[in-house]
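*Asks:* Here it is: the structure, laid out below.
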Amino acid sequence: MEDGKSHKKSAIRVNAGVEKPEAVNPLLQQKPDKFRKSHINPREYFKGIKTGDRALLSRAITLIESTLPEDRETAGELIRLCLPLSGKALRLGITGVPGVGKSTFIESFGLYLIEKGHRVAVLTIDPSSMRSRGSILGDKTRMEKLGINEQAFIRPSASAGTLGGVARKTREAMILCEAAGYDIVFVETVGVGQSETAVAQMVDFFLLLMLAGGGDELQGIKRGIIEMADLIIINKADGENKNKANLAKREYENALHLFPPIPNGWQPSVMTASALYGENLTLVWQQIEKFLRLTKGNGSFDENRKSQDYNLFEETIHQTIHDHFFRHPEIKKQLVKYKTQILNRQLSPYEASQKLLDFYFGLFS
């Protein structure tokens, strides 16, 4: 008994704590800022991009992909600085079903173009995980030789659930790459049949890779994709597959005759190639050069670029309005209320959307 109070023995015993060990790397304690990425202002980014700093270019693209409001302001200023240096590169879109060999073709063709004195940037749009929104293919690891080449830059970006896998910031990434001195920019789609239209509207020349013997020649659903193609390449035309590839080539050539003429005067063609063995890559480049001579000569190349700029203007407005709407704190509160009413079938989705829009516009009246 102590001070009139009794102390009962407890079954719980608290051991003394373990002393905190020293850091594995003492420099992390001494100079923590040494290992942190410091904040870079737009002009520092711009300076690094102009001098060909690939690490800084990659960080700059990460910046423009960020959805944080503070990053958007920095990204906007960076784009304004880079814009005067952009627009001189050739923009090539590449699509095809998964397994057609897009990555192998881009690597082989990219190395071929580098040998001809070009600098190549590759923007690949990977399918992203629906859970983490992260990229799940990692195209950079599938283009090892091109990735380590000093005259190349590869940037895989997760589609993050956007339509068909076309990342929102692909156009801005192209501007940065062009400002960095890359004169040929590849844009590779996921290849699932939805993103081709979006990519075709941001490039100068659209390549469609196909496989022989896959039945695609007979699928009417491919008509829309074929209509957008400036060149169809039957890939993997090597070994025992050569005969099948030549047969598929003739079938696609017959199909192209049924399509209406393209306003720019270009006649799309079909050829076979083997990206694995580097066969017919010279013919592919010759077709692209022929296209450039024609379209730049008749003015359609510049008209297409102007049309793309205006489409980007409209898309930016749509996206900005969308972001402002769903980030507004009052809208977030109303969304919770209307979601409950919709799930409980107290309100139809159409009526709820109209009420929410009326509420939104009322905030500014």
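*Asks:* Determine whether residue 347 is touching a strand residue (DSSP E or B) at 6+ places or on another chain (Cβ under 9 Å) and free of Cβ contacts under 8 Å to residues at least 40 places away in the same chain.
*Replies:* Details: touching a strand residue (DSSP E or B) at 6+ places or on another chain (Cβ under 9 Å): no; free of Cβ contacts under 8 Å to residues at least 40 places away in the same chain: yes.
Judged against the criteria, residue 347 is not a match.
*Asks:* Among the numbered criteria (1) β-branched (Val, Ile, Thr); (2) touching a residue at least 24 places away in the same chain (Cβ under 8 Å); (3) farther than 22 Å from residue 68 by Cβ, which one does residue 336 miss?
*Replies:* Among (1) β-branched (Val, Ile, Thr); (2) touching a residue at least 24 places away in the same chain (Cβ under 8 Å); (3) farther than 22 Å from residue 68 by Cβ, the lone unmet condition for residue 336 is (2).
*Asks:* Among the residues of region 286-331, count how many are closer than 21 Å to residue 64 by Cβ and of a type in the set (D, E, K, R). Break it down into steps so the answer makes sense when it comes.
*Replies:* Filtering region 286-331 for residues closer than 21 Å to residue 64 by Cβ gives 305, 308-324, 326-327.
Right, trim to of a type in the set (D, E, K, R) and you get 305, 309, 314-315, 323, 327.
Of the residues in that region, 6 qualify.
*Asks:* From the list 88, 47, pick out the single residue that is in contact with a helix residue (DSSP H, G or I) (Cβ under 8 Å, 6 or more places away or on another chain) and either free of Cβ contacts under 8 Å to residues at least 12 places away in the same chain or not in a helix (DSSP H, G or I) (or both). Talk me through it step by step, then tell me what you get.
*Replies:* Details: 47 fails: in contact with a helix residue (DSSP H, G or I) (Cβ under 8 Å, 6 or more places away or on another chain).
Exactly one of 88, 47 is in contact with a helix residue (DSSP H, G or I) (Cβ under 8 Å, 6 or more places away or on another chain) and either free of Cβ contacts under 8 Å to residues at least 12 places away in the same chain or not in a helix (DSSP H, G or I) (or both), namely 88.
*Asks:* For residue 179, state whether it is aliphatic (A, V, I, L, M) and modelled with pLDDT of 85 or more.
*Replies:* Answer is yes for this residue.
*Asks:* Within the set of pairs 6+ apart or on separate chains, which have a first residue in region 274-293 that is in contact (Cβ under 8 Å) with a residue 60 or more places away in the chain and on the phi < 0 side of the Ramachandran plot, a second that is assigned to a helix (DSSP H, G or I) and hydrophobic (A, V, I, L, M, F, W, C), and C-beta atoms under 6 Å apart?
*Replies:* What qualifies is 275/105; 281/109.
The values are calculated or read from the model by the stated rules, or taken from the named source; none is laboratory data. The structure displayed is predicted, hence computed values, not measured ones. Virtual Cβ from ideal backbone geometry, glycine too; neighbours counted across all protein chains shown.
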